[in-house]
Amino acid sequence: MGLLSKPIKNLDDLFVHTLQDIYYAENQIAKSLPKMIGKATDPQLKQGFETHLEETKNQIKRLEQVFQMHGQPVKGVTCAAMDGILEEASDILGVANDDDVKDAAIISAAQAVEHYEITRYGTLLAWAKQLGMDDAAQLLEETLVEEENTDEILSELAEEAINPAAAA
Ligand SMILES: [Fe+2]
Ligand SMILES: [Fe+2]
């Protein structure tokens, strides 16, 4: 069986499907962030993940609000892309044994997660606007901004501290 549980006939169906996809993905992220916090050694990196875990929990609540605004049950569908990104992350962390190199690997994995989220929220935001769902669009935009900020914070941390340490 494919990943799509029912036929997608219009943009509205596609919006709901993608909402279910990111809802599943966010829940998987909420489960993996504590593992990343446990494995990170740089205190700023750990702190960054702690902050993003709290944001992620709030993002899940926002998605639940969007489902409700749309009169849809709160539901996830398997996101093979996020499962793959997280699986790759755990594979690489399993073999990286220098602390600084491991931190660099954790950041690269986390940025793959953030970029996936940015593409999904960017699309959902555009579709919500197109469908005239202004309240939903506002919530999706709040989350999009958090994902973009997280990505930027990770880039700065990598370039200023983690990558130089990993290369030393
Ligand atoms: Fe998120
Ligand atoms: Fe995120």
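The values are calculated or read from the model by the stated rules, or taken from the named source; none is laboratory data. Fair warning: this is a prediction, and the values are worked out from it, not measured in the lab. Because the Cβ atoms are built from the backbone with ideal geometry, glycine has one as well, and the counts that use them run over all protein chains shown. Just so you know, the surface numbers come from the protein's heavy atoms only, side chains and all, with ligands and any DNA or RNA stripped out. Shrake-Rupley method; radii C 1.70, N 1.55, O 1.52, S 1.80 Å.
Structure above, values below:
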read-out: Accessible area (Å², 1.4 Å probe, nearest 10) - residue 129; value: 120 Å²
read-out: For q = 0.23 Å⁻¹, Debye-computed log10 I/I(0) when each Cα of region 1-80 counts as one equal scatterer; value: -1.02
read-out: Lysine pair count for region 46-132 [Cα-Cα under 22 Å; pairs on different chains or 8 or more apart]; value: 6
read-out: Accessible surface, region 1-50, averaged per residue in Å² (probe 1.4 Å); value: 55 Å²
read-out: Potential extension, residue 119-residue 17 segment - 0.36 nm per residue separation minus Cα distance; value: 35.2 nm
read-out: The chain - mean residue ellipticity at 222 nm from DSSP helices (-39,500 (n - 2.57) per run, n ≥ 4, rounded to 500); value: -27500 deg cm²/dmol
read-out: Residue list for region 150-168, given a label point 7 angstrom along the Cα-to-Cβ vector of residue 95 and an amide N cut-off under 11 Å; value: none
read-out: Dipole magnitude (debye, nearest 20) for region 1-123, charges at Cβ of Lys, Arg, Asp, Glu; value: 580 debye
read-out: For the chain, built as a Gaussian network whose Cα springs stay under 10 Å, the top-fluctuating residue of 143, 56, 78; value: 78
read-out: Average accessible area per residue (Å²) across region 83-142 - probe 1.4 Å, nucleic acids and ligands excluded; value: 50 Å²
read-out: Rounded tilt (10° steps) of 11-39 against the dominant C-alpha axis of the chain; value: 20 degrees
read-out: Carbon plus sulfur fraction of accessible area for the chain, probe 1.4 Å, in percent; value: 51 percent
read-out: In Å², nearest 10: area of residue 23 left accessible to a 1.4 Å probe; value: 30 Å²
read-out: Within-12-Å neighbourhood charge of residue 141 [Cβ basis; K, R +1; D, E -1]; value: -4
read-out: Compactness index (Cα Rg / 2.2 N^0.38 Å), the chain; value: 1.10
